[in-house]
Amino acid sequence: MVSSLTALRANAIFISAFAGLLLIALLLFTSQWGAVPISLDDWTSLINQGGDIQSGSSYVLWQLRLPRVVFALLIGAALGLSGALTQGLFRNSLADPGLLGVSAGAACAVALGIVLLNDLNIPLVPQWRFWTIPALAFSGAILVCFALDRIARWITPGSIAGLLLTGIALNALAAAVIGLCTYLATDEQLRNLTFWTMGSLSGSNWFLVLAITVLFAFAWWRLRSLIPVMNVFSLGESVAAHVGIEIGLIRMEIIFWVALLSGFAVAWCGMIGFIGLIAPNFARAWLGGDQRVVVPASMLLGGILLLLADTCARTIAIPAEVPVGIFTAFLGAPFFILLLRSSRRQLA
């Protein structure tokens, strides 16, 4: 027993070290790619110039490209985490914030805000305007989460198929509202709405990197005690209730974190699909069904997938930039096909 625990710990340490080295290599590699070539002097310029970098390729590296690379990694990890939580909560590998309407709900609230707030001419302090869109995205995401849970329990209690169908219906409703906002929008508002529907990480900066890092710290501090409980959820809610788990409170808290993570991602990057669906599935096929392993692996894989997609988005059509949502679909579909192929015996 002791030897097996030692082997598991050694294996976990090895995987963690390998994942850390892989992330460092990916960060360095993707930071080199772009319209502006990066040299070794640019990497050392932060020290040589005392942190005062105002222009040139050094500025591109430290103020534009590197924060975008780190931000893509963190946003991908947030989407992977929210997808793993959603699939673990609803006990369905097809569930993710996008399929259940959470991302669409956040984008719907943002669309309403972009079109209606300007028309209402509400006076806001400039500092508050900066947080208006994230607040709207979070409100829309959490509203759809709770509506999904309540409506599914009311119409089809205990049915996973009913839950997914309810999510599809809410997704369609949100898409209809977004379409109406698109019809009513001015040219400037329409350009802003296009950002949300196609996805982009071009607005990244070090402040947003700090913001999502703090969010991740709070999320992981709280969720690490809930993740083992999610293993009991896989046996059914009746079993979880029988062993003394407060299902209602845990469900509400997981929904809160899913909405917060998805809302943040949609608020700053628009609608980015496939990451929250593919990363947990691939992690589960690779490492098994233990949520204590699946959740961290989903974060890692989600970050890597979005980082690769964003690198392709900003480099494949230089000097133009392709929406990142296109490449997440290109990267996600082959992974999904491989997962279906690997599980064909179970599906037969």
Checking residue 346 against (1) polar (S, T, N, Q); (2) modelled with pLDDT of 80 or more; (3) loosely packed, with under 12 Cβ neighbours inside 10 Å, which single condition isn't satisfied?
(2)
Listed residues 77, 84, 106; which is under 25 Å from residue 191 (Cα atoms), buried (at least 24 other Cβ atoms within 10 Å of the Cβ) and modelled with pLDDT of 80 or more?
106
Return the pair list, or none, for Cβ contacts closer than 8 Å from residues in the range 81-109 that are touching a residue at least 40 places away in the same chain (Cβ under 8 Å) and within 18 Å of residue 193 (Cα to Cα) to residues that are of a type in the set (Phe, Trp, Tyr) and part of a loop (DSSP other than H, G, I, E, B), at least 6 apart or on different chains.
98/274
Would you mind stating whether residue 199 is within 21 Å of the chain's Cα centre (by Cα) and under 27 Å from residue 62 (Cβ atoms)?
yes
Mind listing just one residue for me: the one in the range 115-153 that is at pLDDT 80 or above and over 22 Å from the mean Cα position of the chain (by Cα) and, of those, surrounded by the most Cβ atoms within 10 Å (Cβ to Cβ)?
115
When the residues of the range 279-316 are narrowed to those that are of a type in the set (A, V, I, L, M, F, W, C) and surrounded by fewer than 17 Cβ atoms within 10 Å (Cβ to Cβ), which ends up farthest from the chain's Cα centre (by Cα)?
316
List every residue pair whose Cβ atoms sit under 6 Å apart, with the two residues 6 or more apart in sequence or on different chains, where the first one lies in the range 276-289 and is assigned to a helix (DSSP H, G or I) and the second, anywhere, is crowded, with 24+ Cβ neighbours inside 10 Å and of a type in the set (D, E, K, R).
276/96; 277/96
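The values are calculated or read from the model by the stated rules, or taken from the named source; none is laboratory data. Just so we're clear, the structure is a prediction, and the values are computed from it rather than from any experiment. Ideal geometry is used to build each Cβ from the backbone, glycine not excepted, and the neighbour counts take in all protein chains shown.
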